[in-house]
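Q: Below is one structure. I have some questions about it.
The values are calculated or read from the model by the stated rules, or taken from the named source; none is laboratory data. Given the structure is predicted, the values throughout are model-derived calculations rather than measurements. Because the Cβ atoms are built from the backbone with ideal geometry, glycine has one as well, and the counts that use them run over all protein chains shown. With ligands, DNA and RNA removed, areas are computed over all heavy atoms of the protein, side chains included. Shrake-Rupley method; radii C 1.70, N 1.55, O 1.52, S 1.80 Å.
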Amino acid sequence: MGPLSGAGAVGAGVAALYVAALPLSVPGGDSGELITAAYELGVAHPPGYPLFTLLAKLAIELLPFGSVAFRVNLLCAVLGAAAAPFFFYTVARLSGKHAAGIFAVGMFSFSRLTWQWSITAEVFSLNSLFVGLLMALCVRFREAATAKERSKICKAGAFCCGLSLCNQHTIVVYVICVALWVFSCLLRERELTPGHMLKLTFCFLAGCLPYLYLPASSYLNKARWTWGDQTTLKGFTTHLLREEYGTFNLAKLENGSSMAAILLICDQSRNYVVDRFARNLLSSMPPDAIVLLRGDLPGNSLRYLHYCEGVRPDVTLVDQEMMTYHWYLLKMSKHLPGVIFPGNRWNPLEGTLPDGTTTFNLHHFLKVNKQQETFVCIGLHEGDPTWKKSHSLWPWGSCEKLVPSETPFDPGEWIERTRNLYNWSEEYGRFDSSSWELVANEEMWQARMKTAFFIFDLAETARVSTDVKAQLYTYAYKLYKEIVSTHNVHPVNWHKNYAIACERMLHLQPRREDPELLLSEAIKHFLLYTEKAEDEPQQGSILQAVKHLKKELQGLRQMKKGGETFQQGTK
């Protein structure tokens, strides 16, 4: 079996395993945004990834089966598997042994991060393909016997270098290394003539042609989701150089992952966690609601379902962070019907900028859109507190609802409205600590406690009568108790919250619950909290409070025992 046939067999084997493990729905991270940009023929976040976007659009249009997300996931798996034959060919040719090539492919293709990022809609598998291709071309260049053959390979390599830079920019490390080595070889052979350099430059620039897609998409402005304005040279270079967004910290990896977590990453074929997270949030919204998005998890997953799968077309998604960019509303407001924007750009300080741009704050935005219910997922931008002039934030599952300040709050009614917002059945703590599934699961579990926490905080801070304060504490305590008793495994902070609620109930007059039960529950859950939250900075103070509560419980029981003895003596 020669290197080429062996490479084909290796690639087919990797592809089979990758495809079997594909997620059928949208994954976490940037996947939702990348899929949406391709579906809408918009522009993804900087540097735009035009080659990936165009390939993903082809996959969406040509594949006749599966969800939109599955089609792009499948494309990425095929691209990732296509890197394997090139790695095999490179190592097998350099070492002279097929076994070495198979070993190299196995170590790379089935390493945790390569597998993880090759079966989801991300740009990394295409990046791996280009790395493998450039390595194989280097081997071919090294083995070339004539100047004509070397020239042909150099032109193909220059084109591939340009094309690779239309995807993930970290490829520049490989491109520079390859280019320097090839140029040194050509100089040594006295083949690097001005004419040859000019041809290589043309080939490289031809590979960069997909970047023309960015200004074309921006000029047409047909996409309901897109990033930036590349119709000007300044806008194009800003996007290309990642001036508005970007980091080279490509992935978070933590030690101590369990085997179950690793297997979960390997097999994503039954992983619908992020999809269900987004569906829960969208389905909980009332008709025609405005949803102010913030962060990658809600932003990208909700965009995908809303634009690509057509879930809740009546809802309007507005990105909080995007509204701070000068281009966002100028380009996107026509795709956000029914929402009024009282200016061109969101800024806490309203006014007119030197370039004529008018700014508006969140208070003004809510005022002109008061006919629609507005929700925040997840959290409001800290830089604009103006909403506090006229609105309050009430818990709505993982999100919050912006409610006019004059609206009376009925804790009983709100508990009933938010009790069954979500249909969430994932076990707590079952996902890897570096995964988006863990983030989604944590958000949904904490959502169960948000109404109780909100009511308890009102009891602590609101200027209300003693009777109303006692009522709020009682509502919070009962809700905490119900939630904690329903779930055996849950977030560790629930123990602390419930214990504090029990402690507050002890001070209410007249007493509304059995003090012995309250003391026992407070002690139990404070101790459970200190056992599980080892990094709690106030652990010493909590243990001191537990010591005090134990004394109170002991005194209460002695008092009860004395009273029982007295009653028996009088009979």
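Q: Tell me, what ³J(HN,Hα) does each residue in the stretch 490-496 have, in order and in whole Hz, if you take phi through Karplus 6.51 cos²θ - 1.76 cosθ + 1.60 with θ = phi - 60° and put x for Gly and Pro?
A: After applying 6.51 cos²θ - 1.76 cosθ + 1.60, I find 7, x, 5, 5, 4, 4, 5 Hz.
Q: At a 1.4 Å probe, what is the % contribution of carbon and sulfur to the accessible area of the chain?
A: About 60 percent, which is the carbon plus sulfur part of the accessible surface.
Q: Turning to a different aspect of this structure: Give Lys334/Lys389; Lys234/Lys370; Lys331/Lys401 a once-over and call out the pairs whose C-alpha atoms are over 31 Å from each other. Intermediate results must be reported in sequence, preceding the final value.
A: On the way: Lys334/Lys389 29 Å; Lys234/Lys370 37 Å; Lys331/Lys401 27 Å.
Table pairs above 31 Å Cα-Cα are Lys234/Lys370.
Q: I would also like to ask the following. Lys524: which aspartates and glutamates have alpha carbons under 13 Å from its alpha carbon, excluding same-chain residues fewer than 8 sequence positions away?
A: Glu503, Glu516
Q: Rolling a 1.4 Å sphere over the protein heavy atoms, what is the accessible area per residue of the stretch 428-571, to the nearest Å²?
A: Values: 8240 Å² over 144 residues.
Dividing the accessible area of the stretch 428-571 by its residue count gives 57 Å².
Q: Here is a further query. Would you mind calculating the gained length between Glu482 and Arg242 on full extension (0.36 nm times residue separation, minus the Cα-Cα distance), in nm to one decimal? Mind dumping the intermediate values first?
A: Details: separation 240, 0.36 × 240 = 86.40 nm, distance 4.85 nm.
Here the segment from Glu482 to Arg242 would lengthen by 81.5 nm.
Q: Could I have the simple spin-label model distance between Ala533 and Phe183, label points 7 Å from Cα toward Cβ, reported in nm to one decimal?
A: Here the answer is 5.8 nm between the modelled labels.
Q: To the nearest 0.05, how large is the calculated FRET efficiency for Met107 and Lys560 if R₀ is 60 Å and r is the Cβ-Cβ distance?
A: Numbers: r = 69 Å, r/R0 = 1.14.
About 0.30, to the nearest 0.05.
Q: Calculate, for the stretch 1-141, the solvent-accessible area per residue in square angstrom, rolling a 1.4 angstrom probe over the heavy atoms of the protein chains.
A: Numbers: 4700 Å² over 141 residues.
Accessible surface, normalised per residue, equals 33 Å².
Q: For the residue pair Leu506 and Glu460, what label-to-label distance in nm results when each label sits 7 Å from Cα along the Cα-to-beta-carbon direction?
A: 1.7 nm
Q: Given R₀ = 51 Å, FRET efficiency for Glu413-Leu220 by Cβ-Cβ distance, to 0.05?
A: Working: r = 48 Å, r/R0 = 0.94.
The computed FRET efficiency comes out at 0.60.
Q: Could you work out the relative contact order of the chain? I mean the mean sequence separation of Cα pairs under 8 Å and 6+ apart, divided by the number of residues, in percent. Walk me through the intermediate numbers first.
A: Values: 835 pairs, mean separation 69.0, N = 571.
Reported relative contact order: 12 percent.
Q: Let me ask something additional. Would you indicate which of [x] 53, 27, 20; [y] 56, 31, 19; [z] 49, 26, 22 is the value of semi-axes √(5λ) of the Cα gyration tensor in Å derived from the coordinates of this structure?
A: The value computed from this structure is option [y].
Q: Translational diffusion coefficient of the stretch 495-538 at 20 °C, 1.002 mPa s, Stokes-Einstein with Kirkwood Rh over Cα pairs, in µm²/s as a whole number.
A: Details: Rh = 10.8 Å.
Roughly 198 µm²/s, to the nearest whole number.
Q: Here's another thing I want to ask about it. Which FRET efficiency value, to the nearest 0.05, do you get for Ala147 and Phe65 by plugging their Cβ-Cβ distance into 1/(1 + (r/R0)^6) with R0 = 41 Å?
A: On the way: r = 49 Å, r/R0 = 1.19.
Between Ala147 and Phe65 the formula returns 0.25.
Q: Follow-up question, since we're still on this one. Angle, helix 466-486 long axis vs. longest principal axis of the chain, Cα atoms, 0 to 90°, nearest 10?
A: Rounded to the nearest ten degrees, it is 60.
Q: Per DSSP H run of at least 4 residues, take -39500 (n - 2.57); add these up for the chain, divide by its residues and hand me the 222 nm value, nearest 500 deg cm²/dmol. Please list the in-between numbers first.
A: Working: 23 runs with 331 residues, N = 571.
Rounded to the nearest 500, it is -19000 deg cm²/dmol.
Q: Same structure again: Given q = 0.20, 0.24 Å⁻¹, what are the Debye log10 I(q)/I(0) values for the stretch 93-186, with equal point scatterers placed on the Cα positions and solvent ignored?
A: For the requested q values the scattering log ratios are -1.06, -1.23.
Q: Please report, to two decimal places, log10 I(q)/I(0) for the stretch 448-571 at q = 0.17 Å⁻¹ as given by the Debye formula with identical point scatterers on the Cα atoms and no solvent.
A: Summing over Cα pairs of the stretch 448-571 leads to -0.91.
Q: For the stretch 156-225, what is the accessible area per residue in Å² when the probe is 1.4 Å? The partial results should precede the final answer.
A: On the way: 3810 Å² over 70 residues.
With all protein chains present, the stretch 156-225 gives 54 Å² per residue.
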